[in-house]
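Down below is the structure, laid out as structure tokens.
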Amino acid sequence: MGGPKTNGIGVQVEDTKICVVMVGLPARGKSYIAQKAQRYLKWLSIPAATFNVGNYRRNDSPHPSADFFDTNNAEGERKRRAAAAAAIADMLKWFKSGGVVGILDATNSTKERRKWVLDTVTKEGVEVIFVESKCDDEELIMANIRDVKTTSPDYQGQDPEKAALDFRTRIRNYEKVYRTINADGDEDDLTYLKIMNVGKQVIINRIRDYLQSRIVYYLMNLHIRPRSVWLSRHGESMLNLEGRIGGDAGLSLRGQEYARKLPELVLESVGSDRPLTVWTSTLKRTIATARHLPAHYNQLQWKALDELDAGVCDGMTYQEIADMYPEDFQARDEDKYNYRYRGGESYRDVVIRLEPIIMELERSEDILIISHQAVIRCIYAYFMQKTQEESPWVPVPLHTLMKLTPRAYGTEVQTYKANIKAVSTWRGKGSTAKHEDPSPDGGV
Amino acid sequence: MDTLLTAEIAANAPRYRRRSSTFIDGIHDVSVDEGNMAPAQLYSTMSGRLFHSGRIAIVMVGLPARGKTHICVSMARYLQWLGVKTRIFHLGDYRRATVGEGGQVPQDYFYPNASPTSVMLRQKILKKCREDIYAWLNHENGQVAIYDAVNPTAAGRRALAKEFAKHDVQTLYLESFVDDEEILKENARNVKISSPDFHGMDPNEAAERYLARINTKIPVFETMQEEELNYVKMINAGQAFFYNNVSFNYLSHRIVFYLTNLHIKSRTTFFVRAGVATEEDSYKADAPLSEEGKSYALKMTETLLRHREQERKQLSERAGQEVPLRPLTVWTSTRLRTIQTGDPLKEKGYKVRQRSQMSQINPGVCEKLSERAIRSLYPEEVEKHELDPYHHRYPRAESYHDLAVRLEPIILELEREQNDLLIIAHESVLRVLYAYLMHCSTRDIPKLKFPRDEIIEIIPAAYQNDAKRIHIPGLDPSTVPGSPEDIRILVPGSPPGAGLPAIPGLSTPPESGAAESSAPVSITVARPPEKVVNTAKEMVADKVADED
């Protein structure tokens, strides 16, 4: 096994860089997997990027027909190879500028192509893990073709029926040369994950480090059954009224009203009395917000859902913080994501502790989370792929229920307002106002 | 041998129900204390079962010398840590107990066309073991039963899954499949050749003989291919995995994830405290090391490196050739004092990683409060804390349980790490990580002690890990004691037990003026119990003829 390099006296130098190489015929959900993996890693602050060979190829041939993908078409073959080379070159450049996990989204369906990718990438000191999605379920493939591919830029403005037909011919052209990983037993040295028939059978081969196992575990937990996640902050708290952050206060009168209104809001959004599982933090205000929800909803408290710990600033107003710790106040505005309160937490810290929550969320179905501003921002950022610059500033108003529904290329958001007045706890950069209105396009 | 005798009596006593199939250690002997949650258990349910996963039998498949026992024990340790009520049932223990000490099973015991008496014996042994499994799952709130046996035939496995299904138990097969000769021989050498049968024989020859004997004794073995069964096939000790997922639940995925991080190479873990900081009693102020702290860091480094060099020499002597050192990796938290404690090693070129998950337990409102103040401000909390120091959290503080949950990624990386590892962290973090490796109960974790003048070394062994303590000489005695208990924060110069009777979990700052008078007198350092119940070696010797 190609273990990490050591210098013999017990000192080891290494910095893992991983290239995730997608493998599989078209319409096998490769892009879906690539997108999700990228979103997850970025959210964990692991620099990740997807390099889609199709996008590179489209620069050259925007609307190719199926025979472009015929292996006998030398011109098509040359162009596709050039596109792959360009994508890899860009990826390697990106690794040099600090990238950690690069995802190469392409079919990579022949042994020769995989070997070429492997050689090109490992030469630059990057580990390779192949992730293959192999699926023979005709129905699933057709559904995928209809949903995703007919909206593909390759078929823009074309008759969907014709497009689907052409696309199937394209797949057939790929099938002629496609070899699944290690079909002939001579690719046993590769690190790979092969997912067959949407996870019915899985092969995991030669996982070389923790980050790889983490990616594999994440991909194993993904499911594609339809579901939604509901997010709400706690009702307005006594400290919210005073414009103080953190603490463990009870609800204000209006906050209690929200708690009573919440079951109705949830029912309206769910549309039936099928039970949700409710996750709250361990703080009084979220537990109190959940107390009127129907008895057949299972409720769990998670310490991991507690509000960002403001350390020495806990219980202060922004004005007090600016007065007492002017440098800290400014430092926080400059890099809110990484700023860690003295003795407290940063947004980055919160994301790390939310990790098990995300894993649970991915494998669960309908969940209602009642938590706090910073925590909801982090979970929201996970689903909506907000950058670290954006996520700490996302307005998450009180007394509002959000429904997130993950779809193939992104997440759908619906909001339900309780129409119960509450103070605003959003704060603009540099501001010390107690209650400030978010930007005019505010709300999420 | 005591364990054997007890096992024999137990197996033959009609009304006796075993708590597990061996009587050895914390992993095998599950606590019956119902109210006691596991270290990293997130929540408890009325049924005692977690993750909505129902009851599961994990059935091992594989010939002897495939590392099944190692996998069983590691997996049980991890699941119990998560709070999943797990027990291991080694069929071999039942067989040995049934045929009696020194007894042998008939030659054709494992043959497909065995004689009726052999079949009867087999049935009897199986029945007893299964009865215990059902008792555990049906009447003792067990969630996972790990059934450790060869289970060589597809027909047998299909029948077993059906039988479990009848009892509303889901089956997950876990096969350890090895076709790499090197791994096989290594396993055989490590475990089996201490048998008298192979006494004085060349280890390689003994290993080969042993493997050949397995093949004659168990002539039929079919690797798993049953499409309708849930199974995970671990190939060549984790080099590859194949799984067939008919109805995997969260727990199954979690187990696969765990297994992908497991390896069978032997390596050690060292634990040390961070040096004394300038503001020792403050959690919020992220204070740098004091002068004593810096001197501690140097002395600790020196002691550790000397110790490693000694170990290497011993190994080299035994092997008759120079053995290279395993690389050493250092993990610290993101707190200044732990980072600075690692600095001398970093300067020598060792790789130091900062792990933000490893920061110390948060004392919340208790920070810097005097014991008296806490007593008067939070009398109810103090009472609750005394009842359950592991799970109770003071306002705005973390409990040990919170800490254990937060440390989960660290634990998996700990399993994966193939280098030797030095962990420099606050005592609260050391307690939890030590507890994982040594399987301590939640009642004991808050009380584990790690004096500063010791490096703890954990060495993995077949049934349970070993702990060793290495003394760091020449330290100022006042900096040595562990923080007395729980989240209490050390105040230099105040001997434990001085002043008011200690309240568990609270700090005892010096009374004004008292600090000087009680300065560095002789301090009796409370040594942690050498918590090693390791009869593992005997156990292994006992299992030498293990072809269950």
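The values are calculated or read from the model by the stated rules, or taken from the named source; none is laboratory data. Model, not experiment: these values are computed from the prediction. Positions of Cβ are generated from backbone atoms using ideal geometry, with glycine treated the same way; all protein chains shown enter the neighbour counts.
Of the residues A:GLY246, A:GLY235, A:GLY255, the single one that is crowded, with 19+ Cβ neighbours inside 10 Å, at the interface with another protein chain (Cβ under 10 Å from one of its Cβ atoms) and either part of a loop (DSSP other than H, G, I, E, B) or at pLDDT 85 or above (or both) is A:GLY246.
In the range B:297-320 there is at least one residue that is closer than 23 Å to B:LEU336 by Cα and touching a Phe, Trp or Tyr at 6+ places or on another chain (Cβ under 7 Å).
Residues in the range A:349-375 that are farther than 21 Å from A:PRO275 by Cα and at the interface with chain B (Cβ under 8 Å from one of its Cβ atoms): A:ASP349, A:ILE352, A:ARG353, A:GLU355, A:PRO356. Within the range B:149-170, the set of residues being buried (at least 20 other Cβ atoms within 10 Å of the Cβ), outside any helix (DSSP H, G or I) and not aliphatic (A, V, I, L, M) comprises B:ASN151, B:GLN170.
To keep it simple, each residue is scored yes or no on (1) of a type in the set (Asp, Glu); (2) on the phi > 0 side of the Ramachandran plot; (3) over 16 Å from the mean Cα position of the chain (by Cα).
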{"position": "B:HIS392", "(1), (2), (3)": "no, no, yes"}
{"position": "B:ASP402", "(1), (2), (3)": "yes, no, yes"}
{"position": "B:ILE410", "(1), (2), (3)": "no, no, no"}
{"position": "B:GLU415", "(1), (2), (3)": "yes, no, no"}
{"position": "B:LEU422", "(1), (2), (3)": "no, no, yes"}
{"position": "B:HIS426", "(1), (2), (3)": "no, no, yes"}
{"position": "B:LEU433", "(1), (2), (3)": "no, no, no"}
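When B:VAL256, B:VAL246 are checked against the criterion of being at the interface with chain A (Cβ under 9 Å from one of its Cβ atoms), crowded, with 19+ Cβ neighbours inside 10 Å and either of a type in the set (A, V, I, L, M, F, W, C) or outside any strand (DSSP E or B) (or both), B:VAL256 stands alone in meeting it.
So that you can scan it fast, the table gives a plain yes or no per residue for (1) surrounded by fewer than 19 Cβ atoms within 10 Å (Cβ to Cβ); (2) under 30 Å from the mean Cα position of the chain (by Cα); (3) closer than 30 Å to B:PHE242 by Cα; (4) free of Cβ contacts under 8 Å to residues at least 40 places away in the same chain:
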residue: A:THR71; (1), (2), (3), (4): yes, no, no, no
residue: A:GLY76; (1), (2), (3), (4): no, no, no, yes
residue: A:ALA86; (1), (2), (3), (4): yes, yes, no, yes
residue: A:LEU104; (1), (2), (3), (4): no, yes, yes, no
residue: A:THR107; (1), (2), (3), (4): no, yes, yes, no
residue: A:VAL131; (1), (2), (3), (4): no, yes, yes, no
residue: A:GLU161; (1), (2), (3), (4): yes, no, no, yes
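Suppose we filter the range B:269-307 for residues that are within 28 Å of the chain's Cα centre (by Cα), surrounded by 19 or more Cβ atoms within 10 Å (Cβ to Cβ) and within 14 Å of another protein chain (Cβ to nearest Cβ); how many remain? Residues flagged as within 28 Å of the chain's Cα centre (by Cα), surrounded by 19 or more Cβ atoms within 10 Å (Cβ to Cβ) and within 14 Å of another protein chain (Cβ to nearest Cβ) within the range B:269-307 amount to 3. Within the option set B:ALA435, B:ALA404, being within 11 Å of another protein chain (Cβ to nearest Cβ), surrounded by 23 or more Cβ atoms within 10 Å (Cβ to Cβ) and in a helix (DSSP H, G or I) holds for one residue only, B:ALA404. Being farther than 14 Å from A:VAL20 by Cα, surrounded by 19 or more Cβ atoms within 10 Å (Cβ to Cβ), within 29 Å of the chain's Cα centre (by Cα) and at pLDDT below 90 is a description that does not apply to A:ASP136. Among the residues of the range B:347-358, not a single one is charged (D, E, K, R), more than 12 Å from chain A (Cβ to nearest Cβ) and either surrounded by 17 or more Cβ atoms within 10 Å (Cβ to Cβ) or under 23 Å from the mean Cα position of the chain (by Cα) (or both). Sub-6 Å Cβ pairs linking a first residue in the range A:40-57 that is surrounded by 21 or more Cβ atoms within 10 Å (Cβ to Cβ) to a second residue that is assigned to a strand (DSSP E or B), at least 6 apart or interchain, are A:LEU41/A:ALA48; A:LEU41/A:VAL101; A:ALA48/A:VAL101; A:PHE51/A:LEU104, ordered by first then second residue. May I ask you to verify whether B:PRO106 is free of Cβ contacts under 8 Å to residues at least 12 places away in the same chain and farther than 30 Å from B:GLU415 by Cα? No. If you check B:SER333 against the conditions, is it surrounded by 15 or more Cβ atoms within 10 Å (Cβ to Cβ), under 30 Å from A:GLU355 (Cβ atoms) and facing chain A (nearest Cβ under 10 Å)? Answer is no for this residue. Here A:CYS378 meets the list (1) surrounded by fewer than 22 Cβ atoms within 10 Å (Cβ to Cβ); (2) more than 12 Å from chain B (Cβ to nearest Cβ); (3) touching a helix residue (DSSP H, G or I) at 6+ places or on another chain (Cβ under 8 Å) almost entirely, failing just condition (1). Looking across the range B:372-401 at every residue that is of a type in the set (D, E, K, R) and surrounded by fewer than 20 Cβ atoms within 10 Å (Cβ to Cβ), the one that is nearest to the other protein chains (Cβ to nearest Cβ) is identified as B:ARG396. Within the range A:315-346, being under 30 Å from the mean Cα position of the chain (by Cα), within 12 Å of another protein chain (Cβ to nearest Cβ) and either farther than 19 Å from B:LEU403 by Cβ or of a type outside the set (Lys, Arg) (or both) holds for A:ASN338, A:TYR341, A:ARG342, A:GLY343, A:GLY344, A:GLU345, A:SER346.
Right, B:GLU140: of a type in the set (Asp, Glu) and within 31 Å of the chain's Cα centre (by Cα) or not? When the stated conditions are applied, B:GLU140 passes them. Among the residues of the range A:139-184, write down those that are in a loop (DSSP other than H, G, I, E, B) and at pLDDT 90 or above. Hits for the range A:139-184 are A:TYR178, A:ARG179, A:THR180, A:ILE181, A:ASN182, A:ALA183, A:ASP184. Going by the conditions given, is B:ASN151 of a type outside the set (Asp, Glu) and without any contact (Cβ under 8 Å) to a residue 24 or more places away in the chain? Spelling it out, it is not the case that B:ASN151 is of a type outside the set (Asp, Glu) and without any contact (Cβ under 8 Å) to a residue 24 or more places away in the chain. When each of A:ARG348, A:ARG340, A:ARG332 is tested for being of a type outside the set (Gly, Ala, Ser), more than 30 Å from A:LEU267 (Cα to Cα) and assigned to a loop (DSSP other than H, G, I, E, B), the lone residue that passes is A:ARG340. The set of residues from the range A:406-434 being under 17 Å from the mean Cα position of the chain (by Cα) and either surrounded by 14 or more Cβ atoms within 10 Å (Cβ to Cβ) or not hydroxyl-bearing (Ser, Thr, Tyr) (or both) comprises A:PRO406, A:ARG407, A:ALA408, A:GLY410, A:THR411, A:GLU412, A:VAL413.
Restricting to the range A:168-213, what's the tally of residues that are crowded, with 20+ Cβ neighbours inside 10 Å, among the charged types (D, E, K, R) and within 8 Å of chain B (Cβ to nearest Cβ)? The number of residues fulfilling the criteria is 1. In this structure, does B:ILE458 turn out to be under 30 Å from A:ILE207 (Cβ atoms) and part of a strand (DSSP E or B)? Taking the combined requirement at face value, the residue satisfies it.
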